[in-house]
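Take a look at the structure set out below.
The values are calculated or read from the model by the stated rules, or taken from the named source; none is laboratory data. This is a predicted model, so every value here is computed, not measured. All Cβ positions, glycine included, derive from the backbone under ideal geometry; neighbour counts span all protein chains shown. Ligands, DNA and RNA are excluded from the accessible area calculation, which covers all protein heavy atoms including side chains. Shrake-Rupley method; radii C 1.70, N 1.55, O 1.52, S 1.80 Å.
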Amino acid sequence: MASNSVVDQVWPLSARWTDGELRIGGIGVTELARTYGTPVYVLDEDDFRARCAAWTAAFPDADIHYGGKAFLAPAVVGWLRELGLSLDVCSGGELAVARRGNMPPGRVVFHGNNKSVAEIRRAVEWGVGCFVLDSFHELDRVARAARGRGVRQAVMVRVKPGVEADTHASWATGGERTKFGLSMASGGAAEAVRRVVAEPALDLVGLHSHIGSQIFDLGSFRTAAERMVAFLRTVEREHGVTIDKLDLGGGLGVPYLPGEKDAPAPADLAEVLRAAVPDDVRLALEPGRSIVAATTVAVYEVGTVKGRYVSVDGGMSDNPRPATYGAAYTAVLASRASVAAPGDFTVVGKHCETGDILADGIDLPRDVRPGDLIAMPCSGAYQRSAAGNYNMIPRPPVVAVRDGVARVIVRRETEEDLLRLYVG
Ligand code: LLP
């Protein structure tokens with residue numbers, strides 16, 4: 001990838017190559033590395049905004065709830081707020097980030113299969129827009145919290161639509177065997193609806209389903225939509241209620257490798273869903289990965305080169321996806337031009353585990369050496385948000401770039417931060 005312009009869809013919109021150096025948001029990676037250290041996650045803010053806009057343009061009459069689990073920071077919440085998106089959170093911690101980012105509580109949807117009583121209470125007190133109920137126990141807890149505050153809490157019921165999407169088993173959530181939601185087939189979802197309708201402290205505003213993540217087949221979304229619409233109509237008929245909203249979750253896939261199959265665009269999904277969902281039902285969607293993944297490039301510094309192994313200064317602690325799911329990434333030399341012939345390398349991290357591989361079978365110039373910067377595109381989703389501290393390695397910062405200006409939106413963790421947790 002030594003071309004002057006980056007056209008492949010795995011790179012952020014503003015990525016350019018000048019004399020062999022990668023620039024994002026008008027700033028070279030060498031300068032970013034010098035200023036912020038490595039590893040560093042570089043997020044193209046305009047690209048994030050453009051991808052949000054693509055969703056709201058494709059679904060002008062729908063609610064777009066960004067799936068915060070993919071990557072969340074108060075600055076991100078600010079962008080969503082400005083762009084008219086809502087936010088899906090799935091824990092008290094994500095709720096706290098939403099608050100820090102001044103998201104109006106009415107635009108927050110609270111997910112999760114085991115929200116604690118304390119999380120529920122905090123969310124009700126803050127005035128969270130909607131709970132997505134995932135069990136009968138939770139239904140009772142939310143009703144109790146709402147009664148305690150003297151409010152009527154808006155809720156959706158999460159339904160298993162019985163759709164087995166073609167994706168990694170860990171990310172498929174629409175089938176009968178998933179832990180998420182209540183079954184349409186066995187009557188659990190219908191019973192939950194009956195109980196919500198009978199509970200004065202709860203207001204049933206919609207039904208929810210999420211069939212999984214990293215899905216390329218629009219037919220799965222269509223099937224889920226058709227089943228959910230049929231279920232919604234049955235529920236309306238049986239309970240004499242009107243259900244305004246159908247939230248069909250997130251999950252639109254993205255390519256991680258250059259030349260990988262094209263991902264469907266939000267507009268393609270819109271076309272499919274328009275045919276399946278009647279006009280009087282308000283749609284909601286929860287894209288995470290398809291907004292943030294390609295906006296962000298992980299930049300590492302090479303520390304050692306040993307045979308085929310190029311070791312960089314991060315690894316499975318900041319990007320657990322290859323080790324956890326066998327996820328494939330590409331990696332390129334990003335700090336200089338090289339005329340050396342390509343060799344076949346494996347980019348590995350610095351963790352004490354053989355499986356700490358970031359990218360395998362990668363073409364890098366044979367003269368790759370310590371001090372070089374390696375860039376890995378498509379690093380925005382489920383990387384920094386899923387990063388840990390294995391081997392006591394502090395987590396990298398996230399730097400947003402735009403029009404030649406860089407801004408730290410998540411600072412680098414320090415060893416001091418880590419030591420602060422120890423008692424004694
Ligand atoms: N809505 C719900 C209820 C979800 O559970 C998820 C993702 C989303 C929306 C957003 O889905 P997206 O558009 O980002 O695909 N850690 C895995 C992915 C787990 C997905 C969790 N749920 C990974 O690294 O690929």
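Before anything else, pin down the relative contact order of the chain: Cα pairs under 8 Å, at least 6 apart, normalised by residue count, whole percent. Intermediate results must be reported in sequence, preceding the final value.
Working: 975 pairs, mean separation 83.5, N = 424.
Contact order relative to length: 20 percent.
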Discussion item. Suppose we keep just the DSSP beta bridges with both residues in the range 111-287; what percent of those would be antiparallel, to 5?
Written reply: 5 percent
Worksheet item: Which number gives the lysine pairs in the range 111-287 that have C-alpha atoms under 27 Å apart and are eight or more places apart or on different chains?
Response: 6
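With an 8 Å Cα cut-off and a minimum separation of 6 or more residues, compute the relative contact order for the range 111-287 in percent. Walk me through the intermediate numbers first.
Working: 323 pairs, mean separation 33.6, N = 177.
Relative contact order here is 19 percent.
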Discussion item. I'd like the accessible area for Glu226, computed on protein heavy atoms only with a 1.4 Å probe and all protein chains in place. Round to 10 Å², please.
Written reply: 90 Å²
Discussion item. Assuming 0.36 nm per residue, please report the length gained on full extension of the stretch Arg233 to Arg369 beyond their Cα-Cα distance.
Written reply: 42.7 nm
Worksheet item: How big is the charge dipole of the range 111-287 about its Cα centre, in debye rounded to the nearest 20, if each Lys and Arg gets +1 on its Cβ and each Asp and Glu gets -1 on its Cβ?
Response: 760 debye
Worksheet, complete the sentence: Rounded to the nearest 5, the percent of antiparallel DSSP beta bridges in the chain equals 50 percent
Worksheet item: Magnitude of the Cβ-charge dipole of the range 37-97, K/R +1 and D/E -1, about the Cα centre, nearest 20 debye?
Response: 120 debye
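Tell me the mean residue ellipticity at 222 nm calculated for the chain from its helices only (DSSP H runs of n ≥ 4, each -39500 (n - 2.57), averaged over every residue, nearest 500).
Details: 12 runs with 122 residues, N = 424.
Result for the chain: -8500 deg cm²/dmol, rounded to the nearest 500.
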Response to the item:
Most fluctuating of Lys69, Lys160, Lys306 in the GNM of the chain (C-alpha, under 10 Å) is Lys306
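What length, rounded to one decimal in nm, is gained on full extension from Arg144 through to Leu421, with 0.36 nm per residue of separation minus their alpha-carbon distance? Mind dumping the intermediate values first?
Working: separation 277, 0.36 × 277 = 99.72 nm, distance 3.43 nm.
Extra length from Arg144 to Leu421 when fully extended: 96.3 nm.
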Worksheet item: Once fully extended, how much extra length lies between Gln9 and Arg308, figured as 0.36 nm per residue of separation less the alpha-carbon to alpha-carbon distance?
Response: 104.9 nm
Practice prompt. Report the label-to-label distance for Asp244 and Arg407 in nanometres (one decimal), using points 7 Å from each Cα along the Cα→Cβ vector.
Written response: 3.3 nm
Discussion item. Once R0 is set to 25 Å, what does the formula 1/(1 + (r/R0)^6) return for the Cβ-Cβ distance between Glu271 and Glu82, expressed as a FRET efficiency to the nearest 0.05?
Written reply: 0.35
Fill in: All aspartates and glutamates inside 16 Å of Lys69 as judged from Cα atoms, apart from same-chain residues fewer than 8 positions distant
Asp88, Glu94, Glu286, Asp318
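Leaving out ligands and nucleic acids, note down the accessible area per residue over the range 271-310 with a 1.4 angstrom probe, in whole Å². Mind dumping the intermediate values first?
On the way: 1600 Å² over 40 residues.
On a per-residue basis, 40 Å².
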Item to complete: Pick out which of Ala375, Ala230, Ala75 has the largest mean-square fluctuation in a Gaussian network model of the chain, springs linking Cα atoms closer than 10 Å.
Response: Ala230
